[in-house]
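Take a look at the structure below.
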Amino acid sequence: MAAPVLTHAELLWRHRVWTAQGIGLAVLTFLNFIPPAHGPARYLFFSLLLIAAAARWKEGASLWIRTPLDLPLLLFLGWILLSIPFSIDPAYSFREWRKLAGQALVFYWAVAVFRAQPDHRLVRHVMIAVLLGTVTSAGYAIVEFILQGGTWRDRHVRAGAPGSDYNWLSTYMVMAIPMVLAAAVVVRTRWMKGLSLVVAVVALAAEVVAYTRAGWAGLAAEGLAGGWLSGRRWLLAGVILALTAIGFGFVLASDRGFQRSTADPWTLEARVAVWKLAAEDLVHHPLVGIGYGNSNFVKRYAGRPELEKAYGPHSTFVVVGLGSGVPALAFFAWLLIRIFLILTRAVGALSDGASRAIPFGAALMVVGFAVRNVFDYMFIGSLANLFWILVATGLFCVSDQDRAERLASIPQDSPATVRA
């Protein structure tokens, strides 16, 4: 079926709408690094979403574009929805599910915006937004840490994200560092490449002074995955040796009185204690769990001594598994593995270095984010939104469609086509 003939005014309108959507995507990427901006960012997103849906409808298409993640993502959302009637608090679980569904909408909207672009310029704009968001969040955290009397001797003072805490900061940095390093490859000028490396160093410093061991574990996992995926044994061996030396040095320092609070295993012991509770309960509720959401866990074990120390499940995987059953946990794991495999399998097939860097960085981000979420419930709010935007960015770079196929969906007389 031939594409409808559009007037010049309609072509111009289409070009302007999707250009504005691209700008909005870059702005939202930056705002998601700032927790207090989550409210305004949410209103901006839904405004852009409605405009995008209207634009796609006018073009005779749907906002939903099929991706390789559709099946695991929809099964994950669907099973949690089915489990809600069995929840301790169904109304609360449904509210939490709506947030999860909203985060999925961010992914599909970002996919649609990327696919409407005539070239990869939006990828570079998103990477610049990542650089700005990272340096803003990390820079603020380090300055605040110094002003509050933070020290390298112990973690009585810990760096935190703007308007939030060290858990959020450490998760932001785990997600940002591999993407910032990827940005160093994507940007074209030498000064931007140098600036990207400086931002990576600042982000690493912020991760260190957050004194969050789960964040450090996420970075270590990214380093090991990077060494393994690169295919360079010397690099993997170097990462292992570096991590071993850092670990040995940390133990030695704690024996001499430094960072004893950080080395104290009581927080890990508290987590393991509540995870045992969850495992025992999951045996009795394997299919639908006790109700999706952090608060259901707290209500379930109110008054238990294990909960008094841990203050919650402290794991996204526990929240999903105990909250909605083993199937939900399996679908969630499948989703993360699916993203990782798609990104990594396509890296070797791409000929352009910049195109390889983004999916490679996104794959490492998924690894670090998954490890970070083993030890805390951080698949929430702006962190989850940022995760889906970065995943969409990586998938755009590894799309099976080449530039000609993408341009074929744009009328040949449109300003975007002429400019490209």
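Entry remark, region 52-61: residues being surrounded by 12 or more Cβ atoms within 10 Å (Cβ to Cβ) and over 13 Å from ALA110 (Cα atoms) number 6 in total.
Inside region 125-143, can you point out the residues that are open to solvent by 40 Å² or more (accessible area, probe 1.4 Å) and within 18 Å of the chain's Cα centre (by Cα)? Passing the criteria: HIS125, ILE128, LEU132, VAL135, THR136. If you filter region 13-43 down to residues that are closer than 15 Å to ALA116 by Cα and open to solvent by 50 Å² or more (accessible area, probe 1.4 Å), you find that the one that is modelled with the lowest pLDDT is TRP13. Candidates are the residues of region 352-395 that are open to solvent by 10 Å² or more (accessible area, probe 1.4 Å) and among the charged types (D, E, K, R); the one that is nearest to ALA110 (Cα to Cα) is ARG356.
Look through PRO35, PRO72, PRO118 and report the one residue that is under 28 Å from TYR166 (Cα atoms), of a type outside the set (Gly, Ala, Ser) and touching a helix residue (DSSP H, G or I) at 6+ places or on another chain (Cβ under 8 Å). Exactly one residue qualifies, and that residue is PRO35. Within region 317-328, one or more residues are modelled with pLDDT of 95 or more and farther than 18 Å from ILE88 by Cα. Would you please name the residue that is farthest from the chain's Cα centre (by Cα), looking only at residues in region 258-270 that are touching a residue at least 60 places away in the same chain (Cβ under 8 Å) and in a loop (DSSP other than H, G, I, E, B)? Among those that are touching a residue at least 60 places away in the same chain (Cβ under 8 Å) and in a loop (DSSP other than H, G, I, E, B), it is PHE258.
Count, please, the residues in region 199-223 that happen to be among the small types (Gly, Ala, Ser) and under 25 Å from LEU132 (Cβ atoms).
The total comes to 8.
How about region 359-395: which of its residues are β-branched (Val, Ile, Thr) and not in a helix (DSSP H, G or I)? Walk me through it before giving the result.
Residues of region 359-395 β-branched (Val, Ile, Thr): 366-367, 371, 374, 380, 389, 391, 393.
The one that is β-branched (Val, Ile, Thr) and not in a helix (DSSP H, G or I): ILE380.
Considering region 85-111, the residues that are open to solvent by 20 Å² or more (accessible area, probe 1.4 Å) and closer than 27 Å to PHE396 by Cβ include one that is farthest from the chain's Cα centre (by Cα), namely ARG98. A search for C-beta distances below 7 Å between a residue of region 325-341 that is without any contact (Cβ under 8 Å) to a residue 24 or more places away in the chain and any residue that is among the aliphatic types (A, V, I, L, M), counting only pairs 6+ apart in sequence or on different chains, returns LEU329/VAL320.
Checking the conditions here, which among TRP57, TRP13, TRP18 is under 26 Å from the mean Cα position of the chain (by Cα) and either within 30 Å of TRP168 (Cα to Cα) or assigned to a helix (DSSP H, G or I) (or both)? Matching residue, one of TRP57, TRP13, TRP18: TRP18. Restricting attention to region 128-146, the residues that are over 12 Å from VAL202 (Cα atoms) and free of Cβ contacts under 8 Å to residues at least 12 places away in the same chain add up to 1.
Consider ARG256 against the criteria (1) over 19 Å from MET365 (Cα atoms); (2) open to solvent by less than 30 Å² (accessible area, probe 1.4 Å); (3) charged (D, E, K, R): it satisfies all of them except one. Which criterion is unmet? It is condition (2) that ARG256 fails.
So which residues in region 64-84 are open to solvent by 30 Å² or more (accessible area, probe 1.4 Å), in contact (Cβ under 8 Å) with a residue 24 or more places away in the chain and in a helix (DSSP H, G or I), if there are any at all?
Selection gives LEU75, TRP79, LEU82.
The values are calculated or read from the model by the stated rules, or taken from the named source; none is laboratory data. Note that this is a predicted model, so its numbers are computed, not measured. When we count neighbours, we look across all protein chains shown, and the Cβ atoms used for this are built from the backbone with ideal geometry, even at glycine. We work out accessible area using only protein heavy atoms, side chains counted, and drop any ligands, DNA or RNA first. Shrake-Rupley method; radii C 1.70, N 1.55, O 1.52, S 1.80 Å.
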